[in-house]
Amino acid sequence: MSAKIIDGKAFSQTVRDAVARDVTTLKDKHGITPGLAVVIVGEDPASQVYVRNKVKQTAESGMNGFHFEMPATASEEDVLNKVRELNADDRVNGILVQLPLPKHMDEAKVIETIAPEKDVDGFHVINTGLLATGGNAMVPCTPLGCIMMLKDTLGDLSGMKAIVVGRSNIVGKPMAQLLLDENCTVTIAHSRTKDLAAEVKAADIVVAAVGRPEMIKGDWIKDGATVIDVGINRIPAPERGDGKSRLVGDVDYEGAAQHAGAITPVPGGVGPMTIACLLRNTVTATCRQNGIDCDTLQ
Ligand SMILES: NC(=O)C1=CN([C@@H]2O[C@H](COP(=O)(O)OP(=O)(O)OC[C@H]3O[C@@H](n4cnc5c(N)ncnc54)[C@H](OP(=O)(O)O)[C@@H]3O)[C@@H](O)[C@H]2O)C=CC1
Ligand SMILES: Nc1nc(=O)c2c([nH]1)NC[C@@H]1CN(c3ccc(C(=O)N[C@@H](CCC(=O)O)C(=O)O)cc3)C=[N+]21
């Protein structure tokens, strides 16, 4: 069997095109230009690549981007004050504080300081609570992108067995919640799970968000299953001979592609969709803040 490759890069372009049209309508009909503020603390090179992509794509969609870099030596209070300033700034409709934060800061405190209606990451406890109870939440971008790709590939997910490997607040838990909302029967696996291979083998949908390069082996995948690889791991690539690294997911791609019905590649899968969903969430937040029905924009 040879799997269909789910092209997140192409899909993300269609999402970004739709966002750009909505931005044009917001400007022309309502005189509003959505604004997204990204705050990065410290100089993690990988984070800086993502932030650069976000800023570039924000501009391409026609939104205003506000980019703040703070040194790793900044105090928690400095970051909280920056967030408070952005909460009060009418030009800013969405706020993203890049995680992880330096160890001397309380991440939860920073996230809870973001105004929930500007929390385009969907990490604030108000939004996680709304997601869990079926309310009008801002949905975390990575799980939102995953569910969009799953529905595009499979149509109705009702009754399917899904496994999410990983239970973080930013990926695993909200992912499981969204799959449950789509009427999947959901298993959440983690580092204490016994016989992970057997749990994965039972699943029609596998979402891997572990942070361990190529940990999910190809022969664990049930024939015909759909595999969504969230992992972004930079590993040494001596075979390149140029001293550079390469990007791999949490799934053994070559092995899994032999069994899966469809699979996302890394790069070019979940990553680009995450950024597109961030822009989508910023438009959603702008509409809600201004009492505009987002569905009527196009
Ligand atoms: N493409 C994108 O847009 C994004 C990609 N990522 C990537 O996704 C991956 C996961 O990110 P994140 O959720 O933040 O990671 P975390 O490190 O917060 O969580 C990892 C999860 O994996 C579980 N885990 C670790 N080892 C094992 C194991 N051997 N067997 C089973 N489960 C295990 C952990 O279990 P336990 O809870 O028991 O410790 C934990 O729940 C990373 O590669 C990250 O880079 C993240 C965000 C966005
Ligand atoms: N508050 C917060 N929100 C986040 O959403 C968030 C975060 N913090 N911290 C870090 C993780 C990671 N993340 C990625 C986004 C896009 C790509 C992406 O576009 N990846 C490209 C390749 C990028 C490359 O080449 O390095 C791809 O997979 O094709 C990857 C990872 C968002 N995160």
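The values are calculated or read from the model by the stated rules, or taken from the named source; none is laboratory data. Quantities reported herein were computed from a predicted structural model and do not represent experimental measurements. Here the Cβ is made from the backbone with ideal geometry for all residues, glycine too, and neighbour counts use every protein chain on show.
Among the listed residues L150, L154, identify the single one that is in contact (Cβ under 8 Å) with a residue 40 or more places away in the chain, buried (at least 17 other Cβ atoms within 10 Å of the Cβ) and away from ligand 2 (no atom under 15 Å from the Cβ).
Numbers: L154 fails: buried (at least 17 other Cβ atoms within 10 Å of the Cβ).
Exactly one residue qualifies, and that residue is L150.
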Every listed condition ((1) of a type outside the set (G, A, S); (2) surrounded by fewer than 20 Cβ atoms within 10 Å (Cβ to Cβ); (3) within 13 Å of ligand 2 (Cβ to nearest atom); (4) modelled with pLDDT under 95) holds for M1 save (3)
The residue that is surrounded by the fewest Cβ atoms within 10 Å (Cβ to Cβ), considering only those in region 60-96 that are assigned to a loop (DSSP other than H, G, I, E, B) and among the acidic types (D, E), is D90
From the option list R280, R246, single residue qualifying as within 15 Å of ligand 2 (Cβ to nearest atom), assigned to a strand (DSSP E or B) and not hydrophobic (A, V, I, L, M, F, W, C) is R246
Filtering region 221-243 down to residues that are away from ligand 2 (no atom under 12 Å from the Cβ) and surrounded by fewer than 24 Cβ atoms within 10 Å (Cβ to Cβ) yields K222, D223, G224, I235, P236, A237, P238, E239, R240, G241, D242, G243
Of the residues in region 1-28 that are in a loop (DSSP other than H, G, I, E, B) and small (G, A, S), the one that is farthest from the chain's Cα centre (by Cα) is S2
For K194, are the conditions met, namely being within 15 Å of ligand 1 (Cβ to nearest atom), free of Cβ contacts under 8 Å to residues at least 12 places away in the same chain and either under 30 Å from V55 (Cα atoms) or not small (G, A, S) (or both)?
yes
Within region 219-235, residues being over 19 Å from M149 (Cα atoms) and either of a type in the set (S, T, N, Q) or within 16 Å of ligand 1 (Cβ to nearest atom) (or both) number 4
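Restricted to region 199-214, and to residues that are free of Cβ contacts under 8 Å to residues at least 40 places away in the same chain and in a loop (DSSP other than H, G, I, E, B), which residue is farthest from ligand 1 (Cβ to nearest atom)?
E214
Among the residues that make up region 205-212, is at least one of them farther than 18 Å from C146 by Cα, at pLDDT 95 or above and within 16 Å of ligand 2 (Cβ to nearest atom)? It would help to see each step written out before you state the result.
Residues of region 205-212 farther than 18 Å from C146 by Cα: 212.
Cutting the leftovers down to at pLDDT 95 or above gives us 212.
Next, from what is left, pick out any that are within 16 Å of ligand 2 (Cβ to nearest atom): 212.
Yes, because at least one residue in region 205-212 is farther than 18 Å from C146 by Cα, at pLDDT 95 or above and within 16 Å of ligand 2 (Cβ to nearest atom).
Kindly evaluate G31 against the criterion of being surrounded by fewer than 21 Cβ atoms within 10 Å (Cβ to Cβ), under 21 Å from the mean Cα position of the chain (by Cα) and free of Cβ contacts under 8 Å to residues at least 60 places away in the same chain.
Details: surrounded by fewer than 21 Cβ atoms within 10 Å (Cβ to Cβ): yes; under 21 Å from the mean Cα position of the chain (by Cα): no; free of Cβ contacts under 8 Å to residues at least 60 places away in the same chain: yes.
No; evaluated as a whole, the condition is false for this residue.
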Being surrounded by fewer than 19 Cβ atoms within 10 Å (Cβ to Cβ), in a helix (DSSP H, G or I) and free of Cβ contacts under 8 Å to residues at least 60 places away in the same chain, is that true of even one residue in region 158-178?
no
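Hey, could you check region 251-277 for residues that are within 12 Å of ligand 1 (Cβ to nearest atom) and part of a loop (DSSP other than H, G, I, E, B) and say which is surrounded by the fewest Cβ atoms within 10 Å (Cβ to Cβ)?
At the first step, the residues of region 251-277 found to be within 12 Å of ligand 1 (Cβ to nearest atom) are 251, 264-277.
Retained after the next criterion (residues that are part of a loop (DSSP other than H, G, I, E, B)): 264-269.
Working: T264: 32, P265: 19, V266: 24, P267: 15, G268: 17, G269: 30.
Among those that are within 12 Å of ligand 1 (Cβ to nearest atom) and part of a loop (DSSP other than H, G, I, E, B), it is P267.
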